[in-house]
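What follows is a single structure, written as structure tokens, with notes after it.
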Amino acid sequence: MKMLKNQFVTCTMLASLAAVPVSAIADSDSVSGATPLSATANLDFRVVIPAILRFRVGTDGAGNIDEIEFNPPIANLGDGTDVNGTGGDIGGGVVTVSLLSNAGQITITESNNSGGNGLDNGAGDFIPYTEILTTSSSGDFPAPALSDAANNDETVTPSSGNGKVTNRSGTWTYTYDNTDVYPAGDYGGNANGGRVTYTAASP
């Protein structure tokens, strides 16, 4: 009876070992004999990095949309004197911009909701988007020029990672070019073609 019990215990232990996944069994080495002795064991490492693309223009946080406003003085209407803006998260027509991605070369494209007409005053008059100039604080983080056609783009210079990682920040400053005299009115705003959307995209 004792022998039968021992056989049962042995069979149970073997069955338990067989149930252990191969990957859970550590590598080992055993040596014996005269010194010096040396034993080796291997261990594999793996790191999985997720792809990320985080882009900010203006006040941080989803749904925070800043408005830039220009008020050309009467004495300078249409004379080509650039007019500084108001608004933006920094003020003075200046916004914070930042981009973080590890998904390859990033391209930023501008678009707007004007239907190709420019900023509307609701009375059939329009100011083209080319009247709004954008200046970037960094040549590595350029801003696409605004246009009625809404098809301009710029590539942001990668910062590391064999050209696949981009971690850039800076500011974009907006001014009104003031090259012509337009009919009186309040142009733009989201309701009248004044909403610009910047899209950052990886390959």
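The values are calculated or read from the model by the stated rules, or taken from the named source; none is laboratory data. Every value quoted in this text rests on a predicted model; they were computed, and no experiment measured them. For neighbour counting, all protein chains shown are included, and Cβ atoms are generated from backbone atoms with ideal geometry for every residue, glycine included. Heads up: the accessible areas ignore ligands, DNA and RNA and are worked out on the full protein's heavy atoms, side chains in. Shrake-Rupley method; radii C 1.70, N 1.55, O 1.52, S 1.80 Å.
Applying the selection to the stretch 138-160, what residues are over 27 Å from S114 (Cα atoms) and open to solvent by 40 Å² or more (accessible area, probe 1.4 Å)? Listed by number, the residues that qualify are G139, D140, T157, S159, S160.
Does T173 fit the bill of being crowded, with 19+ Cβ neighbours inside 10 Å, under 15 Å from G58 (Cα atoms) and of a type in the set (V, I, T)? Spelling it out, T173 is indeed crowded, with 19+ Cβ neighbours inside 10 Å, under 15 Å from G58 (Cα atoms) and of a type in the set (V, I, T).
Residues in the stretch 104-116 that are of a type outside the set (A, V, I, L, M) and surrounded by 16 or more Cβ atoms within 10 Å (Cβ to Cβ): 5 in all. Checked against the criterion of being open to solvent by 40 Å² or more (accessible area, probe 1.4 Å), assigned to a strand (DSSP E or B) and of a type in the set (A, V, I, L, M), the stretch 73-82 has no qualifying residue. When the stretch 150-203 is filtered for residues that are closer than 16 Å to E69 by Cα and in contact with a Ser or Thr (Cβ under 9 Å, 6 or more places away or on another chain), the ones remaining, listed by number, are W172, T173, Y174, T175, D177, N178, G188, N192, G193, G194, R195, V196. On inspection, P73 passes the criterion of being in contact with a Ser or Thr (Cβ under 9 Å, 6 or more places away or on another chain), of a type outside the set (D, E, K, R), on the phi < 0 side of the Ramachandran plot and at pLDDT 90 or above.
Scan the stretch 44-65 for residues that are over 30 Å from G189 (Cα atoms), in contact (Cβ under 8 Å) with a residue 24 or more places away in the chain and β-branched (V, I, T) and report the count. Residues meeting the conditions: 2. Return yes or no: is V181 over 14 Å from the mean Cα position of the chain (by Cα), open to solvent by less than 30 Å² (accessible area, probe 1.4 Å) and closer than 30 Å to G78 by Cβ? So V181 fails the test. Restricted to strands (runs of 3 or more DSSP E) entirely inside the stretch 100-203, no element has at least 1 residues that are free of Cβ contacts under 8 Å to residues at least 24 places away in the same chain.
Of everything listed in (1) assigned to a loop (DSSP other than H, G, I, E, B); (2) touching a residue at least 12 places away in the same chain (Cβ under 8 Å); (3) within 21 Å of G188 (Cβ to Cβ), the single unmet condition for V97 is (1).
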